[in-house]
Structures are given as structure tokens and as C-alpha cells.
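Step one of this worksheet: look at the structure below.
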Amino acid sequence: MLYLYNTLTRQKEPFEVPAGQPVRIYSCGPTVYDFAHIGNLRTFVFNDILARYLRYKGLQTHQVMNVTDVDDKTIAGAQAEGVSLQDYTRRYEQYFFEDLETLRIEPAWEYPRATEHIPEMIALVQTLLDKGHAYEREGSVYFDIASFSKYGRLSGTDVTQQPGDAAFSRIDADEYDRETVRDFGVWKASKEGEPSWDSPWGAGRPGWHIECSALSMEYLGATLDIHTGAVDLIFPHHENEIAQSEAATGQTFCRVWMHPAHLIVEGQKMSKSLGNFYTLRDLLEQGFEPMAIRHQLLTAHYRHQLDFTMQSLRESTQALQRLWDFVDRLNASPAAGAHNQWIADAVDKAYADFESAMDNDLNVPGATGAVFSLMGEVNAALVDGDLDAQNVGEVNGFLERADSVLGYLSHEKGALDADIEALIGERERARADRDFARADEIRDQLMAMGIILEDTAAGTHWRRTD
Ligand SMILES: [Zn+2]
């Protein structure tokens with residue numbers, strides 16, 4: 001049974017959907033005004049793990065992720081560059097999709113763009129006006145938070161403590177803090193030089209919060225099974241989404257709210273001024289392997305802060321290399337030994353450990369531990385050539401299942417690997433010709449490249465030094 005921590009109830013709850021029904025997941029997507037940083041990517045990798053594990057459990061997922069291509073930040077960015085909003089946002093949207101692919105994040109069901117759903121947002125704003133949950137001022141429309149008694153439940157914000165109580169003042173900005181609980185803009189009157197759309201209240205554009213309420217309703221219906229987003233979206237964004245959606249439909253907006261924690265870099269909050277601000281491209285330029293970055297982003301439980309350091313990224317690189325070497329060795333094994341029942345038992349235990357960790361609120365570090373301990377146990381049998389084809393098949397079967405969730409276990413051999421294997425082939429020919437001086441020379445050359453050779457009954461294997 002899968003248990004997920006629900007921010008709304010502040011506890012882990014069993015997660016179920018009626019048989020045959022897809023899991024309806026809404027994940028707040030990127031605001032396409034800049035490259036995603038590794039903190040954003042941690043959230044996107046979390047969304048991927050969630051959907052992958054639900055599918056592992058045999059469920060169907062309908063995951064919708066919006067692309068925010070109109071808001072305060074995208075408009076400011078386009079204006080600063082003097083290009084159209086569309087030209088500006090499509091560029092960063094393209095980079096976003098490239099990042100997802102590089103990190104092997106499986107595509108969501110739908111990625112609706114905000115600007116392609118303005119009529120649905122206008123209709124929702126009209127519903128809020130009709131039901132008395134919103135009011136118009138000078139061409140803008142504001143949500144009346146005093147009209148929604150459950151306001152503040154998700155974030156634990158005590159609305160009665162706020163000054164003004166019955167009549168809140170208004171806020172136009174999309175982002176603000178908890179000390180600034182205000183009636184927020186769901187439709188913003190057009191300003192000079194900003195893109196705008198016609199509406200019953202004159203030219204304007206949607207507020208950021210209304211976008212997610214309208215899109216989730218459009219694609220997934222009134223009630224979601226799971227809503228995800230980084231922890232800093234709890235207030236005001238998700239609080240406002242609940243208010244808009246429930247005020248409009250009269251139904252529960254979302255059953256389970258999941259919020260991955262922040263990422264810090266070298267023990268500090270990531271910021272451009274500290275020089276510890278990284279995009280995926282920054283790390284790739286430094287020569288890091290994309291899957292090592294994915295592995296690193298998954299080293300802490302999603303509700304714990306992750307300290308992303310260059311040292312830990314190097315450790316992830318080594319861990320991944322050990323894993324890949326193991327996979328290669330397994331697949332190169334002649335599997336000519338005896339059948340080992342203990343390997344079959346170890347594989348069963350690996351499944352049980354992997355699933356019980358994942359069932360416990362997606363404990364990825366625990367699940368990864370199950371993969372690495374199986375690797376440790378089977379390695380010895382591989383070196384001794386002491387396993388048969390059935391054993392190899394069972395271990396591979398588990399690795400494939402685990403990889404359907406983790407996503408970094410499979411790899412293609414790079415050019416470097418081909419060079420190494422050519423040298424190993426040459427050394428084997430030298431040994432067959434009894435040219436031991438040449439064989440030793442090649443062994444030393446490989447050692448200098450950080451490659452250790454192991455001559456076993458089943459042939460020569462190689463691995464990288466740690
Ligand atoms: Zn959102």
C-alpha cells in the first residue's frame with residue numbers, strides 16, 4: 001500500500017484511486033522567463049519519480065503541467081529584451097523541454113500553455129463574479145478572500161489575524177508573502193506596453209494563480225487526486241488556487257498536496273550573487289554526466305532539504321559508474337556457472353526493500369539502497385563466474401523494474417568505453433602471444449586512465465577506480 005504525505009492534513013495517508021480510473025495529477029510547471037536552475041529541476045525530477053512510481057504500481061497517470069508564458073516575470077523579461085512575449089517565452093520553453101529530456105524526465109500527459117487558454121480563464125473569473133467571490137475595480141478583478149471561509153487552511157495562515165479583517169486591501173503582484181494576505185488579482189487591467197486580451201472588464205491579462213485553477217479544471221475536472229509544486233508555492237499560489245477552484249465549483253479541489261523541499265548549494269541558499277547558482281547547462285559544461293546530476297537530485301528524501309555540492313556530485317558520478325560497470329559486467333557474463341538460489345532470494349529481497357521504501361512516501365534513497373546492496377552481493381558471484389543465465393535474467397529483471405522508476409540505471413557505452421575495450425582486446429591478444437611485456441604495458445596505461453582490470457575465470461573485466 002502506497003502512503004503519501006499530504007501537506008493539507010500534515011500526515012502520511014494511504015493513497016488509492018478507484019479501479020480503472022487514472023490518477024489525475026496537476027504539477028505547477030515552469031515560468032518560461034529564464035533557464036531552469038537545479039532547484040527547479042529537483043522539483044521536476046520529483047514529479048517524474050511520483051508519476052513513474054504510480055505507473056510501476058500499475059496505475060495510469062494523467063499528469064498535467066502548465067507552461068506559464070504570461071505573468072509579471074515573462075512580461076518584464078520580454079520588455080527588457082525588446083522582443084515579443086511569444087518570441088521570448090518560446091525560447092525558454094524550448095530549453096525547458098531540452099532539460100527534461102537530458103534528465104530522462106518522462107513527458108507529462110499534457111503541457112498546456114497559459115496563453116492558449118485565456119477564454120477558459122475569463123469564464124472562471126466570470127463564475128467567481130457571478131457567485132459573489134470576486135469583485136471588479138477599474139478593469140481588474142480581485143478574489144474576495146473574506147468570502148471563502150477555508151482560506152489559509154493549506155498554509156496554516158490565520159486570516160483573522162490580518163488587519164482589516166472583513167475588508168482586505170488588494171494586491172496586484174503575483175508573488176507576495178504570508179504577512180501580506182490580500183484580495184489578489186485574478187484578472188489584471190491592461191497596462192501600457194503589456195500584452196492584453198479582451199474581456200468583459202476591458203483589455204487585460206489573467207493573474208498567475210487563476211491560470212492553474214482554470215487549466216486543472218479544463219484537463220482534469222473539478223477534483224484532482226494529487227497536486228504538486230515546490231514548497232514555496234504553498235502560499236500564496238496554492239492557497240489561492242484552492243480558493244478560486246472551490247469557490248467556483250463547490251467541490252474539493254485536491255485530495256493530496258505534495259511539496260518537495262528546497263535545495264541549497266554548498267550549505268547556502270542558491271543565489272546569483274553568491275556565485276553558487278547553477279543551471280543544468282552550467283553543470284554539463286563542467287563535464288558532469290546528466291545521469292549523475294539526476295542521481296544527485298535524488299539523494300535526499302523529497303521532503304528534506306538537499307545540499308547540492310560539487311563533492312557530492314562527484315560521488316554520484318562514481319556511484320553511477322560503479323552501477324554501470326556492474327550492469328556491463330552482468331551482461332558480458334557468460335553465465336556458465338551453477339544456478340545460485342541465494343541470488344534468486346537476494347533479488348526477491350531487493351524487490352521487497354525497493355517497494356517498501358517507495359511505498360513509504362517515495363523514499364528514493366531507501367529504494368536506491370536496495371539496488372546498491374543487490375549489486376554488492378551479486379558482484380562477488382560475477383567475479384567468480386559463479387551464476388547461470390537464469391540468475392542473470394532475474395537480476396536484470398529487477399534492474400529494469402527499478403530503472404522504470406529511478407531512470408538512471410541504463411546507459412549507453414560512450415566513446416571512451418570503446419577505447420578502453422580496444423586496449424583490453426589488444427592486451428588479450430598480447431597475452432595469447434605470450435608477449436607479457438606488452439600486456440603489462442597496456443595494464444599500466446589503463447591504470448593511468450583510472451581503469452582497473454580483473455582477470456577472472458569468465459574473462460577480463462574492467463572498472464573505474466573510485
Ligand atoms: Zn500553479
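The values are calculated or read from the model by the stated rules, or taken from the named source; none is laboratory data. As the structure is a prediction and not an experimental result, all values here were calculated from the model. Glycine gets a Cβ as well: all are built from the backbone with ideal geometry, and neighbour counts include every protein chain shown. Each accessible area value is taken on the protein alone, full model and side chains, heavy atoms only, with ligands, DNA and RNA left out. Shrake-Rupley method; radii C 1.70, N 1.55, O 1.52, S 1.80 Å.
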Study note, to complete from the structure: D72 vs (1) modelled with pLDDT of 95 or more; (2) more than 14 Å from the ligand (Cβ to nearest atom): all pass except (1)
Check your understanding: Among the residues of the stretch 347-384, which ones are at pLDDT 95 or above and in contact with a strand residue (DSSP E or B) (Cβ under 9 Å, 6 or more places away or on another chain)?
Key -> D359, N360, D361, L362, G366
Review point. Can you find a residue in the stretch 251-273 that is open to solvent by less than 20 Å² (accessible area, probe 1.4 Å), farther than 27 Å from D177 by Cα, within 16 Å of the ligand (Cβ to nearest atom) and of a type in the set (A, V, I, L, M, F, W, C)?
Key: no
Practice item. Give the stretch 233-281 a look and list any residue that's in a helix (DSSP H, G or I), over 22 Å from V125 (Cα atoms) and at pLDDT below 95, or say none. Key: K272, S273, L274
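Kindly evaluate R303 against the criterion of being touching a residue at least 40 places away in the same chain (Cβ under 8 Å) and within 21 Å of G393 (Cα to Cα). Even if it seems obvious, please write down each step before you answer.
On the way: touching a residue at least 40 places away in the same chain (Cβ under 8 Å): yes; within 21 Å of G393 (Cα to Cα): no.
So R303 does not fit the description; no.
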Review point. Here are some conditions: (1) open to solvent by 10 Å² or more (accessible area, probe 1.4 Å); (2) within 13 Å of the ligand (Cβ to nearest atom); (3) of a type outside the set (K, R); (4) over 22 Å from the mean Cα position of the chain (by Cα). N240 meets all but one. Which one does it not meet?
Key: (1)
Check your understanding: What single numbered condition from (1) buried (at least 22 other Cβ atoms within 10 Å of the Cβ); (2) more than 26 Å from W257 (Cα to Cα); (3) of a type outside the set (A, V, I, L, M, F, W, C) fails to hold for R91?
Key -> (1)
Exercise for review: For the stretch 5-16, indicate whether the set of residues that are open to solvent by less than 10 Å² (accessible area, probe 1.4 Å), away from the ligand (no atom under 16 Å from the Cβ) and in contact with a Lys or Arg (Cβ under 8 Å, 6 or more places away or on another chain) is non-empty.
Suggested key: yes
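Mind listing just one residue for me: the one in the stretch 26-49 that is within 16 Å of the ligand (Cβ to nearest atom) and in a helix (DSSP H, G or I) and, of those, surrounded by the most Cβ atoms within 10 Å (Cβ to Cβ)? Break it down into steps so the answer makes sense when it comes.
Taking the stretch 26-49 and keeping what is within 16 Å of the ligand (Cβ to nearest atom), we get 26-33, 36, 40, 43-44, 46-47.
Remaining after also requiring in a helix (DSSP H, G or I): 40, 43-44, 46-47.
Working: N40: 20, T43: 27, F44: 24, F46: 24, N47: 25.
Across the stretch 26-49, the extreme among qualifying residues is T43.
From the residues in the stretch 211-229 that are among the small types (G, A, S) and either in contact with a strand residue (DSSP E or B) (Cβ under 9 Å, 6 or more places away or on another chain) or open to solvent by less than 20 Å² (accessible area, probe 1.4 Å) (or both), which one is nearest to T31 (Cα to Cα)?
Within the stretch 211-229, the subset among the small types (G, A, S) is 213-214, 216, 221-222, 229.
After this cut, where a residue has to be either in contact with a strand residue (DSSP E or B) (Cβ under 9 Å, 6 or more places away or on another chain) or open to solvent by less than 20 Å² (accessible area, probe 1.4 Å) (or both) as well, the list is 213-214, 216, 221, 229.
Working: S213: 16, A214: 16, S216: 16, G221: 23, G229: 13 Å.
This residue is G229.
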Exercise for review: Output the residues belonging to the stretch 168-184 that are under 16 Å from A146 (Cβ atoms) and among the small types (G, A, S).
Suggested key: S169
Exercise for review: May I ask you to list the residues in the stretch 276-319 that are open to solvent by 30 Å² or more (accessible area, probe 1.4 Å), under 15 Å from L263 (Cα atoms) and either out of contact with any helix residue (DSSP H, G or I) (no Cβ under 6 Å at 6 or more places or on another chain) or β-branched (V, I, T) (or both)?
Suggested key: F277, T299, R303, H304, Q305, D307
